Amino acid sequence: MGIFDKLLNRKKDSSALSNTNASLLAVLPEEIYEAANLELQDIIAPSALKIESKSINLGDKIARTFFIISYPRFLTDNWFSPIINLDKVFDISIFIHPIDTSLMLRQFQKKVAEVQSQINVRESKGMVRDPMLDTAYQDLEGLRDNLIQAQEKMFDVGIYITIYADNDLELFKIENEIKSILESRLIYIKPALFQQEEGFKSVIPTNTDLLNIHQKLNSEPLSSIFPFISFDLTSDRGILYGINRHNSSLVIFDRFSLENYNSVTFAKSGSGKSYATKLEILRSLMFDIEVMVIDPEREYEFLAEAVGGRYFNISLSSDHHMNPFDLPMPREDETAEDVLRSNIINLVGLFRLMLGGLTPEEDSMVDRAISETYAIKDITPEADFSNIEPPLLSDFEMVLGGMDGSDSLVARLAKYTKGSWATFLNRPSNVDIDKKFVVFSIRDMEDELKPVAMYIVMHYIWNSIRKNLKKRLLVVDEAWWMMKSEDTASFLYSIAKRGRKYYLGLATITQDAADFMKSSYGVPIITNSSIQLLLKQSPTTMDILQQTFNLTDEEKYLLLESGVGEGIFFAGLKHVAIKIISSYTEDQIITSDPSQILSNRKAKEEHEALELAGDKL
C-alpha cells in the first residue's frame, strides 16, 4: 500500500476525526523507514492531506472537485472546448457507462405513460396546455423510436472536474470562470460537498468512478463532448510541425497523406517562416524525403553543410551552369514526343520572360526556332534521348537569326549569348543534384535576372524530378519573385498541379502576400495546397488574407498579435493555432538570428584554432 492510500485510509481509522470537521493527516518518516519499501506512489504523493467539506489541501496546492448536474435540451458541438482550452491547471474525468436498451425501453414506457396521463388530466379539466409537457412527450417518443430502431444508445455519463490553485481566492476565481462558461450554455455544476475525497480519487487516472453522479445522455449529445470533438490536428505518422496552442497537444502531420503534397506559408519579415521551413526540411530528411530549395537570401547554406547536402551558388560569375535546353529521359508512361513538346512549351515561356514579352508573331517564331534548334542536333520526337548532346543558347540564336523578321529578337537575345550574361546561360550543364538535400542560392544574381534564374532552376529541377519517381519536396522561398511575371507564376502553378503525379510536394513561401495575391495564379496555387501556414502578419495584408482564407475576426487578431513562430496551421479542412518549436541542436543548425550565427561562427573558428594548435603540438 502506498503513502497516498495510507493518508486516505488513516482518515477512516481515526476516531478523533468527524465527517464534518477538517482533518490534518500526516505520515511519520518512521513509518516509511520501518516499511523498508519505497514505491512510486510514495514519491509522488504529497507529504500531507487536509480534507475539508469543499476542498482538499495537497501540500502547497488546494484542489476542488465539481460534477455536472444538468444539461440543456440541446448540446452544440464543441460546447466543452472552452473548458478544455482554458489556460488553467485542472483535471477532467469522463465516465461513460452503457445502459441496456431493453431496460431503458421499459423505463421510457412508464415515463411516457406518466407524461401522457398528465396531459390527459389537464385536457379533461379544460386547462391550457403545458408546452413543457408536450415537448417532453415528443422528445421521449422520438428517443424511444430511435432506441427501438438501434439508431441511438443510452449512457450514464459522469463528468468530474478538479481545479487546483495556490490559495482560496485563486480557487474561487477559477471556479467562477468555469461556472460562467458552462452556465452561459445552460450547463450547471456543483462541488462534491463532503465527497471531495471520492471526487479527487475519481479524477486521478485510476479509472475508478467513486462519485457515481451521472446524467443520462444518448449517443448524439454524448458525441459532442471532448475528446470526440476537439481542436487536435495530428496523425499517426508524419513530422512534428509544432505545438497546438489550444491545448498543448502535438501537431504531427504527413503532407504526403493529403490529396496533394503542396503547402504555402505567409508571414511578415522576421516572423519565423524560413525557420519553420528549415525545421520541416530537417525533420523530413530523417524520413528519407529528398529536398530541393531555391534560396534567394543564402539562408540554407549552413543547413546544407550540416546534413551533407549540396549547395550551388547561381550567379553571373558562378562556376555552376544549367543549360535550359537539357532534356530528361522519358519515363515508362511517357514518350519522347511528350517530353520534347513539354520542354518546348516551357522554353517559350522562358524566352518570353528573358526577352521582355513576345508578340503573337514572335511567339510563333520562337516556338518554331526551338524545334529547329533541337532538330540540328538530331533531336526529334522519334529520337533516343539517352545519347544526345543538347543544343546551347548560341545554337538557338543562330537558328533564330536565319529567320525572316527576327532582327529584334536576335538583338534582345544577344546580351544572353555574347554580353556579360553569357556565362550564366550559354554553357553546358555541370550541376549534379543527386543528393538528398540540394540548395540553389540566387542571392548574388542581379535583381533583373532573379526571375529568370528562378525559372531556369525550377525548370532544371522539374526535368530531374521527371526522370524517376521518388518522394521529394521542392521549397521556393520568397516566391513573390516568381509571381511578378505571368510566365514564372504560370510555371509555378503548373508544378503545383502536376507535382502529385511525380510524388512531389511544392512548398511556397513568401513575405509579400499582397504581391502574391495580385497574380492571377496566387489564389489557384493556394487552393492547390493542402497545407497552409499563416504566421504573424502585417496589418496592411491582413484583410487580403482574411478574405482568402475565410478567417474569423478572432483568428485575424490572433495573427496580428502572434509572436515569432506563432500562427495558424491549416491541413485540409482543419486548422489550429500553432507554435513552432525546435530542440537545441535543431536551433543551432537552422537559426537565422544574426547574433546567433556570429556566435556560432566564432565558436567554430575557436574550435578549429584549438584543433590546429593540438596538431602542431
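Scanning segment 100-147 for residues that are β-branched (Val, Ile, Thr) and out of contact with any helix residue (DSSP H, G or I) (no Cβ under 7 Å at 6 or more places or on another chain) yields a total of 3.
Taken over segment 42-54, the criterion of being crowded, with 17+ Cβ neighbours inside 10 Å and under 40 Å from the mean Cα position of the chain (by Cα) is satisfied by 45 alone. Quick check: is even one residue across segment 212-224 in contact with a Ser or Thr (Cβ under 8 Å, 6 or more places away or on another chain), among the hydroxyl-bearing types (Ser, Thr, Tyr) and under 27 Å from residue 108 (Cα atoms)? Among the residues of segment 212-224, at least one is in contact with a Ser or Thr (Cβ under 8 Å, 6 or more places away or on another chain), among the hydroxyl-bearing types (Ser, Thr, Tyr) and under 27 Å from residue 108 (Cα atoms), which makes the answer yes.
Scanning segment 396-450 for residues that are at pLDDT below 80 and more than 27 Å from residue 301 (Cα to Cα) gives a single hit, 419. Of the residues in segment 576-586, at least one is assigned to a helix (DSSP H, G or I), within 21 Å of residue 251 (Cα to Cα) and of a type outside the set (Phe, Trp, Tyr).
Checked against (1) modelled with pLDDT of 90 or more; (2) assigned to a helix (DSSP H, G or I); (3) not small (Gly, Ala, Ser), residue 338 passes all but condition (1). Between 363, 378, 395, the distinction of being within 21 Å of residue 428 (Cβ to Cβ), assigned to a helix (DSSP H, G or I) and of a type in the set (D, E, K, R) belongs to 395 only.
The rows are residues; the columns are (1) in contact with a Cys (Cβ under 8 Å, 6 or more places away or on another chain); (2) among the acidic types (Asp, Glu); (3) over 21 Å from residue 261 (Cβ atoms).
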{"residue": "486", "(1), (2), (3)": "no, yes, yes"}
{"residue": "495", "(1), (2), (3)": "no, no, no"}
{"residue": "499", "(1), (2), (3)": "no, no, no"}
{"residue": "504", "(1), (2), (3)": "no, no, no"}
{"residue": "508", "(1), (2), (3)": "no, no, no"}
{"residue": "513", "(1), (2), (3)": "no, no, yes"}
{"residue": "519", "(1), (2), (3)": "no, no, yes"}
{"residue": "525", "(1), (2), (3)": "no, no, no"}
{"residue": "532", "(1), (2), (3)": "no, no, no"}
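Close contacts from segment 488-499, counting a first residue that is in the same structural domain as residue 454 (by TED's automatic domain parsing) and a second that is among the polar types (S, T, N, Q) and crowded, with 23+ Cβ neighbours inside 10 Å, with Cβ to Cβ under 6 Å and a gap of 6+ residues or different chains, come to 496/262. Scanning segment 81-114 for residues that are aromatic (Phe, Trp, Tyr) and within 46 Å of the chain's Cα centre (by Cα) yields 90, 95.
Can you tell me which residues in segment 85-104 are in a helix (DSSP H, G or I) and at pLDDT 80 or above?
Passing the criteria: 101, 102, 103.
Within the option set 514, 479, being surrounded by fewer than 20 Cβ atoms within 10 Å (Cβ to Cβ), hydrophobic (A, V, I, L, M, F, W, C), outside the structural domain of residue 332 (by TED's automatic domain parsing) and within 17 Å of residue 264 (Cα to Cα) holds for one residue only, 514.
Scanning segment 325-370 for residues that are of a type in the set (Asp, Glu) and over 20 Å from residue 491 (Cβ atoms), which turns out surrounded by the most Cβ atoms within 10 Å (Cβ to Cβ)? Result: 337. Test residue 185 against the criterion of being of a type outside the set (Phe, Trp, Tyr) and in a loop (DSSP other than H, G, I, E, B), and give yes or no. Criteria met by residue 185.
Among the residues of segment 591-600, not a single one is in contact with a strand residue (DSSP E or B) (Cβ under 6 Å, 6 or more places away or on another chain), outside any helix (DSSP H, G or I) and modelled with pLDDT of 75 or more.
Looking only at segment 398-416, residues that are more than 46 Å from the chain's Cα centre (by Cα), assigned to a helix (DSSP H, G or I) and free of Cβ contacts under 8 Å to residues at least 40 places away in the same chain come to 8 in all. Go through segment 238-254 and report how many residues are assigned to a strand (DSSP E or B) and either surrounded by 19 or more Cβ atoms within 10 Å (Cβ to Cβ) or in contact (Cβ under 8 Å) with a residue 40 or more places away in the chain (or both). Of the residues in segment 238-254, 8 are assigned to a strand (DSSP E or B) and either surrounded by 19 or more Cβ atoms within 10 Å (Cβ to Cβ) or in contact (Cβ under 8 Å) with a residue 40 or more places away in the chain (or both).
Within segment 266-322, the only residue that satisfies the criterion of being assigned to a loop (DSSP other than H, G, I, E, B), in contact with a helix residue (DSSP H, G or I) (Cβ under 6 Å, 6 or more places away or on another chain) and under 18 Å from residue 581 (Cβ atoms) is 267.
Residues in segment 464-518 that are touching an Asp or Glu at 6+ places or on another chain (Cβ under 6 Å) and within 28 Å of residue 332 (Cα to Cα): 470, 472. Filtering segment 371-390 to residues that are surrounded by 14 or more Cβ atoms within 10 Å (Cβ to Cβ) and without any contact (Cβ under 8 Å) to a residue 40 or more places away in the chain leaves 371, 372, 377. Screening residue 523 against (1) surrounded by fewer than 20 Cβ atoms within 10 Å (Cβ to Cβ); (2) out of contact with any Ser or Thr (no Cβ under 8 Å at 6 or more places or on another chain) leaves a single unmet condition, (2).
Taken over segment 55-81, residues that are exposed (fewer than 14 other Cβ atoms within 10 Å of the Cβ) and of a type outside the set (Gly, Ala, Ser) amount to 7.
In segment 547-575, the residue that is farthest from the chain's Cα centre (by Cα) out of those that are touching a residue at least 24 places away in the same chain (Cβ under 8 Å), in a helix (DSSP H, G or I) and closer than 23 Å to residue 262 by Cβ is 548.
The values are calculated or read from the model by the stated rules, or taken from the named source; none is laboratory data. Keep in mind that this is a model prediction, so the values were computed, not measured. Glycine also receives a Cβ, built like all others from the backbone with ideal geometry; neighbour counts cover every protein chain displayed.
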